[in-house]
Amino acid sequence: MKFRISFPKLLKIWIVGQCDVSIRPGWFYHQSEDSLVKTPQELVDIYYKSVGRNAVLLINLPPDKRGLIHENDVKALKEFKQIIDETFAVNLTEGASSTASNYRLNHDKFAPKNVFI
């Protein structure tokens with residue numbers, strides 16, 4: 001059996017990359033894992049390897065037996081946020097411009113002026 005794929009049809013399909021990760025070793029809350037929550041540094045590494053590569057990062061936060069996100073999970077997330085906020089506090093592209101001698105289809109949508117918006 002031969003498979004035939006029409007290239008123009010492929011151009012119409014786009015599926016976002018997703019990175020699903022749990023802040024804990026598993027997807028559900030277990031009190032015995034309260035000390036095994038991913039560190040802020042581990043979360044930053046996952047962030048760079050997912051969002052930094054144009055994927056969506058989905059972090060599973062399992063509620064504890066109270067129906068709340070455990071304090072250790074919250075602490076790790078707050079520290080993770082602080083690292084990210086400090087890292088990107090300065091906009092390194094502010095005032096930047098770009099040029100190109102050629103770009104996709106020479107269409108304005110793909111023009112270099114759209115890189116730094």
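Throughout, read-outs are computed from the coordinates displayed, never taken from laboratory work. If you're wondering where the values come from, they're calculated on a predicted model, not measured in any experiment. Neighbour counts run over all protein chains shown; Cβ positions are idealised from the backbone, glycine included.
Only lysine pairs 8 or more places apart or on separate chains count here, and in the chain those with Cα atoms under 24 Å apart total 13. The angle between the Cα long axis of helix 40-50 and the longest principal axis of the Cα atoms of the chain comes to about 30 degrees, rounded to the nearest 10. You can think of it this way: the chain between V90 and S32 has 16.9 nm of extra reach, that is 0.36 nm per residue less the Cα-Cα gap. A quarter of the convex hull surface defined by the alpha-carbon atoms of region 32-74 gives 3.3 nm² as the mean projection.
Checking every one of the GluC sites (Glu not before Pro) in region 36-117 against DSSP loop status and a limit of 11 other Cβ atoms within 10 Å picks out E94. Over the chain, one equal point on each Cα, no solvent: what is log10 I(q)/I(0) by the Debye formula at q = 0.13, 0.20 Å⁻¹? Per q value, in the given order, log10 I(q)/I(0) is -0.76, -1.12. The spacing between region 70-117 and region 10-56, judged by their C-alpha centroids, is 19 Å. Checking every one of the trypsin sites (Lys or Arg not before Pro) in region 37-117 against DSSP loop status and a limit of 11 other Cβ atoms within 10 Å picks out K65, R66. For H70, the residues whose modelled amide H falls within less than 5 Å of its own, excluding neighbours fewer than 5 places apart on the same chain, are D64. Distance between the 7 Å Cα→Cβ label points at L68 and Q41: 2.9 nm.
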